[in-house]
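Here's the structure, in structure tokens; my notes come after.
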Amino acid sequence: MEREIRQCLGQVGSIGRELVYLDVVDSTNTYIKRMAAQGAPNGTVVIANAQTAGRGRLDRSFQSPEGKGIYLSVLLRPEVPMERWATVTALAGVAVCDAVEEICGVRPGLKWPNDPVLGSRKLCGILTELVTDGAGKPCIVLGIGINVLQTASDFSPEVREIATSIAQELGRPVSRAALIASLIHGLERMNRAFCTGETADYLEAYRRDCVHLGKQVQLISGSARETVEALSIDQDFGLVVRGADGAQWTVRSGEISVRGLYGYAE
Ligand code: BTN
């Protein structure tokens, strides 16, 4: 698998110049954090064939069966004001959609804030973490998990309800190595846009890909849920919503659910 990835990848820029491939790891995010502490360079990529303790947002786990998905983390050391760092996850969501479209011929949608979805189920999860390296310098760990070859039985019963894989949606397998290579090249372009601030194309793509604009969604806050209308995505990838009383505001963190509202699974 490692040879196949390197063959598909060819020449790289800064993302993937340092590339570690592991048969199995607890979590690629945790592993790359340890590398960051020891001074790993900007653009370091860690890929695993399986994770035993894959982590998701909000302290969830990310099911990472052997040989089925893409489990990849990138270390970024951006020379960008930290107030802009929060946008990188949304940019990465667009980069995932670009790679899936290039290799599989279908473009996923995006469920705010950054879940690529296909056929109304979650295809990919992105976990961005702010870490401090050995010299006390902050950096970003961008962790991406894409369900590629899983069948329904590879997911636990609860996850099966809300998750899908590319193979399930397409009815045929796709090359994980080709998809990884496309993703790494896409992350290179994304990181250039992030560092220069030239992200207009990404914002436009994000708005186009967003699956629930103009629709009702539920804002989740702890155990509370509030149904609002998702109106638009602002310049900083915040979700502008309108409540039942007509008040408008922008949601900057957290998550939404569209479960049961119009066919979406979550
Ligand atoms: C989510 O959906 O909540 C985010 C899931 C992120 C999963 C990826 S897989 C590669 C990287 N390593 C991890 O432990 N998590 C991320």
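The values are calculated or read from the model by the stated rules, or taken from the named source; none is laboratory data. The structure displayed is predicted, hence computed values, not measured ones. Using ideal geometry, Cβ is built from the backbone for each residue, glycine included, and neighbour counts are taken over all protein chains shown. Keep in mind that these areas ignore ligands, DNA and RNA; they rest on the heavy atoms of the full protein, side chains included. Shrake-Rupley method; radii C 1.70, N 1.55, O 1.52, S 1.80 Å.
Quick notes on this structure:
- Selection of the stretch 64-85 for residues being open to solvent by 30 Å² or more (accessible area, probe 1.4 Å) and within 16 Å of the ligand (Cβ to nearest atom) yields Pro65, Glu66, Lys68.
- Failed item in (1) loosely packed, with under 14 Cβ neighbours inside 10 Å; (2) at negative phi; (3) in contact (Cβ under 8 Å) with a residue 40 or more places away in the chain, with Gly197 passing the rest: (2)
- Qualifying residue in the stretch 86-94 (condition: near the ligand (Cβ under 10 Å from one of its atoms) and open to solvent by less than 60 Å² (accessible area, probe 1.4 Å)): yes
- Failed item, numbered, when Leu170 is tested on (1) away from the ligand (no atom under 15 Å from the Cβ); (2) out of contact with any Asp or Glu (no Cβ under 8 Å at 6 or more places or on another chain); (3) over 28 Å from Arg6 (Cβ atoms); (4) not β-branched (Val, Ile, Thr): (3)
- Within the stretch 121-155, the set of residues being farther than 23 Å from Ser253 by Cα, of a type outside the set (D, E, K, R) and either open to solvent by 30 Å² or more (accessible area, probe 1.4 Å) or more than 15 Å from the ligand (Cβ to nearest atom) (or both) comprises Gly134, Ala135, Gly136, Leu149, Thr151, Ala152, Ser153.
- Cross-chain or 6+ apart pairs with Cβ under 9 Å, the stretch 29-41 first and within 16 Å of Gly16 (Cα to Cα), then within 16 Å of the ligand (Cβ to nearest atom) and in a helix (DSSP H, G or I): Ala40/Ile32; Ala40/Arg34
- Which listed residue, of Arg17, Arg84, is modelled with pLDDT under 95 and touching a Pro at 6+ places or on another chain (Cβ under 9 Å): Arg84
- Filtering the stretch 42-69 to residues that are hydroxyl-bearing (Ser, Thr, Tyr) and without any contact (Cβ under 8 Å) to a residue 24 or more places away in the chain leaves only Ser61.
- When we screen Arg176, Arg107 for residues that are surrounded by fewer than 21 Cβ atoms within 10 Å (Cβ to Cβ) and out of contact with any Phe, Trp or Tyr (no Cβ under 7 Å at 6 or more places or on another chain), the only hit is Arg107.
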